[in-house]
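The values are calculated or read from the model by the stated rules, or taken from the named source; none is laboratory data. Only a predicted model underlies this, so the values are computations on that prediction, with no experimental measurement involved. Virtual Cβ from ideal backbone geometry, glycine too; neighbours counted across all protein chains shown.
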Amino acid sequence: MRKGLVGLIKDEDVRSQLSDAALGQQWIEDSPMVIVLAAVYERTTQKYGDRGIRYVHMEEGHAAQNVYLQAVSLNLGTVVVGAFRDNEVRETLSMAGNENPLCIMPVGRM
């Protein structure tokens, strides 16, 4: 399921650990759902060189915006959280070393 697919990564509740990794931001633990957007830079930089990093960040922004739009359409709220310890997020989600968490998005009722 890992290679470029979207879906359930953990079949257990890790919101508390994600909240801790995000410097104690409580809304991550309190939200009913958390989305973590991540990237494997080498998939893009192998074709575009260092400029590929910029493309990855642009795409991550587009994906996050789509989460915002869908949340609003469902009368839900979300926020992009960028303050977190990368290695703790990786460990919590059992991510490979080349998978880089870019943002955490808690989603829930407003």
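Some observations on this one:
- Exactly one residue out of 89, 72, 56, 36 is of a type outside the set (Phe, Trp, Tyr), on the phi < 0 side of the Ramachandran plot and part of a strand (DSSP E or B), and it is 36.
- Within region 81-100, residues that are touching a residue at least 60 places away in the same chain (Cβ under 8 Å) have Cβ atoms under 7 Å from residues that are part of a loop (DSSP other than H, G, I, E, B) and not β-branched (Val, Ile, Thr) in these pairs: 83/22; 83/23; 84/22; 84/23; 93/10; 100/41, counting only partners at least 6 apart in sequence or on another chain.
- Tally of residues being in contact with a Phe, Trp or Tyr (Cβ under 8 Å, 6 or more places away or on another chain) and either of a type in the set (Lys, Arg) or more than 12 Å from residue 34 (Cα to Cα) (or both) across region 58-110: 3
- The listed residue being in contact with a Cys (Cβ under 7 Å, 6 or more places away or on another chain) and either surrounded by 16 or more Cβ atoms within 10 Å (Cβ to Cβ) or modelled with pLDDT under 95 (or both), out of 80, 67, 36, 56: 80
- Test set (1) in a loop (DSSP other than H, G, I, E, B); (2) touching a Gly at 6+ places or on another chain (Cβ under 6 Å); (3) of a type in the set (Val, Ile, Thr) - residue 45 fails condition number: (1)
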